[in-house]
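Structure record follows, encoded as structure tokens.
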Amino acid sequence: MEGVISSIMASVGTIIGFSVAGFGIGIGIFGSKLVEAVGRNPEVKNDIVSSMMMLLIISSLFILLVFAFCFMLIFFNPFVS
């Protein structure tokens, strides 16, 4: 029983770590491309920034779904009776 719980906690930590690291790397690349696009064409800055904010909100919702999945694995796990 303790082996199952410890492996679940390790997998949850791995899932959260990889998802947050991937999200951070993606935000960095996305931000650099935003700055590049605004540098090339400054008059459309408002359009570019508004579309970036919409995509950031959608991607942060996916991260919240990952956290919800991990908490469901911790508290409502079918492998632990």
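The values are calculated or read from the model by the stated rules, or taken from the named source; none is laboratory data. No experiment lies behind these values; they were computed from the predicted model shown. We place every Cβ from the backbone using ideal geometry, glycine too, and count neighbours over all the protein chains shown. Ligands, DNA and RNA are excluded from the accessible area calculation, which covers all protein heavy atoms including side chains. Shrake-Rupley method; radii C 1.70, N 1.55, O 1.52, S 1.80 Å.
Of everything in segment 45-81, what is free of Cβ contacts under 8 Å to residues at least 12 places away in the same chain and not in a helix (DSSP H, G or I)? Give them in sequence order. Result: PHE76, PRO78, SER81. Restricting attention to segment 15-26, and to residues there that are touching a residue at least 40 places away in the same chain (Cβ under 8 Å) and open to solvent by 50 Å² or more (accessible area, probe 1.4 Å), which single residue is nearest to PHE69 (Cα to Cα)? It comes out as ILE15. Checking each residue in segment 27-44 for being part of a helix (DSSP H, G or I) and surrounded by fewer than 13 Cβ atoms within 10 Å (Cβ to Cβ) picks out GLY28, ILE29, GLY31, SER32, LYS33, VAL35, GLU36, GLY39, ARG40, PRO42, GLU43, VAL44.
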